[in-house]
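None of the figures in this text is laboratory data; all of them are computed from the coordinates on show. Please read all numbers here as calculations on a predicted model, not as lab measurements. All Cβ positions, glycine included, derive from the backbone under ideal geometry; neighbour counts span all protein chains shown.
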Amino acid sequence: MTIEVIATIVGDNVVFNYELISGKADLNGFFIDVNNDGGSITKVGTNSNNMNGSDTDGDKLNGFDYAKALGSVGGNDADNTSGTVTVSLSALKVTSLDQLANSEIGIRATSVGENREGSLKLAGTGEVCQPEPPDLCDRPLDGPDVAGKIEMQDAQITNLTLSFYNVDDGNGGYQPTPGDTSGDWYYTVSIDVPAEMGEDPDAYLDQIVAMLVEQDPFIDRSDILKSVIVTDCHGDKANYNIPDFAQNNPLDPEAADDLPWTVFSDQDHILDDNTDIAGHTEANYVLELNGDSFAFV
């Protein structure tokens, strides 16, 4: 037999939701031993609705601090298999669920089993469950739509992948972009961004590039930013090649930009599902907010 009890704080009360998950029984008594250190209460209502002696597992019961009768003991009504018990925080002498973590919950069950002739004294301690983190995709869109190279996204952004290009070896020849290890002649970085940055990278892309120039040893002002891949909270990716970025290049406004393609092809901003972005990525950063500014960590 399994009975689930879930406690939540609602205002100045603790609400206990109990439910018979498996088996057959009539639940007649609900008991709480705060701190599991024993109490003066061993029964509620009738003498038979008690938690005396030992529980069904053979563990000694030392009394409880609170008890409430459930349903009707020995009645001909339907089984009581679920419900709520509301107790004030002051009555339990606690202020948080953490203080109930070691408390013992007792359930008196009668009319147990297929023949409905058994009875049980169930007791056990619980644990404090941390709330599920909020779904990032449920966060309302609140960033500004800024004119630029990248469209305003319709979901929270989680990552930007930036590819830089600079193949001039300084002697009239060509070489892979400094830092390239994948062999594609580009230097590509992946940046995890917080939702607070907004849904249009154009609002902060120049600042990110400037920070990379300062902190990344392979990026300087002679590089050309050639593509940006935007990943949102659904895992969807949009690819933005920037073949004319030299016209507004935050690195070098005078840079020549005659390369019409990049390592990531751009067909209506759709990235091929088989594209191995990680295989082309040389560096990974995490962007964190610090007041009104942000930094790589």
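Rounded to two decimal places and with Rh computed the Kirkwood way over Cα pairs, what is Rg over Rh for the stretch 136-296?
0.95
In the chain, if the dipole is taken from +1 on Lys/Arg beta carbons and -1 on Asp/Glu beta carbons about the Cα centre, which of ALA91, GLY148, VAL209 is farthest to the positive end?
So the residue furthest toward the plus end is ALA91.
Report, in listed order, any pair from LYS24/LYS93; LYS93/LYS121; LYS149/LYS226 with a Cα-Cα distance greater than 22 Å. Could you put the intermediate results ahead of the total?
On the way: LYS24/LYS93 34 Å; LYS93/LYS121 25 Å; LYS149/LYS226 11 Å.
With Cα atoms farther than 22 Å apart: LYS24/LYS93; LYS93/LYS121.
Run the lone-cysteine check on the chain: no other Cys C-beta under 4.7 Å from the residue's C-beta.
CYS129 - these cysteines have no disulfide-compatible partner (Cβ-Cβ under 4.7 Å) in the chain.
Of the peptides 284-290, 162-168, 216-222, how do they stack up when ordered by the mean number of other Cβ atoms within 10 Å, highest first?
In decreasing order of mean packing, 284-290, 162-168, 216-222 become 162-168, 216-222, 284-290.
Per residue, what volume in Å³ does the Cα convex hull of the stretch 154-228 take up?
For the stretch 154-228, the hull spanned by Cα atoms encloses 97 Å³ per residue.
Kindly rank 81-88, 170-177 from highest to lowest mean number of other beta carbons found within 10 Å of each residue. Intermediate values should be presented prior to the final figure.
On the way: 81-88: 14.8, 170-177: 11.1.
The peptides rank, most packed first, as 81-88, 170-177.
Per 10 Å bin, what is the whole-percent P(r) computed from every C-alpha pair distance within the chain?
6, 21, 19, 8, 9, 14, 13, 8, 2, 0
Taking every alpha carbon pair in the stretch 2-125, what does the distance histogram look like in 10 angstrom bins from 0, in percent?
14, 47, 32, 7, 0
Using θ = phi - 60° and the Karplus form 6.51 cos²θ - 1.76 cosθ + 1.60, what ³J(HN,Hα) does each residue of the stretch 51-58 get, whole Hz, x for Gly and Pro?
Once rounded to whole Hz, the list reads 10, 7, x, 10, 7, 4, 7, x.
Answer with one residue from HIS234, ASN17, ASN171: the one whose Cα lies farthest towards the positive end of the charge dipole of the chain, charges on Cβ with Lys, Arg +1 and Asp, Glu -1.
The residue sitting most towards the positive pole is ASN17.
Modelled label-to-label distance, VAL297 and ASP37, 7 Å Cα→beta-carbon offset: nm?
Taking the simple label geometry, VAL297 and ASP37 are separated by 3.8 nm.
Once every DSSP H run of n ≥ 4 in the chain is given -39500 (n - 2.57) and the sum is divided by its residues, what mean residue ellipticity at 222 nm do you get, rounded to the nearest 500 deg cm²/dmol? Mind showing how you got there, number by number?
Values: 3 runs with 19 residues, N = 297.
Calculated at 222 nm, the ellipticity per residue is -1500 deg cm²/dmol.
What angle, in degrees between 0 and 90 and rounded to the nearest 10, separates the Cα long axis of helix 205-215 from the longest principal axis of the Cα atoms of the chain?
80
Below 8 Å, C-alpha to C-alpha, sequence gap of six or more: please give me the relative contact order for the stretch 136-296 in percent.
This gives 26 percent for the stretch 136-296.
For a test of the definition: using alpha carbon positions, the gyration tensor, and the 1.5 limit on a/c, classify the stretch 86-141 as rounded, prolate or oblate.
Oblate.
Taking the mean number of other Cβ atoms within 10 Å as a proxy for protection, how do you rank 224-235, 113-124, 18-29 from highest to lowest?
Details: 224-235: 20.2, 113-124: 14.6, 18-29: 18.7.
In decreasing order of mean packing, 224-235, 113-124, 18-29 become 224-235, 18-29, 113-124.
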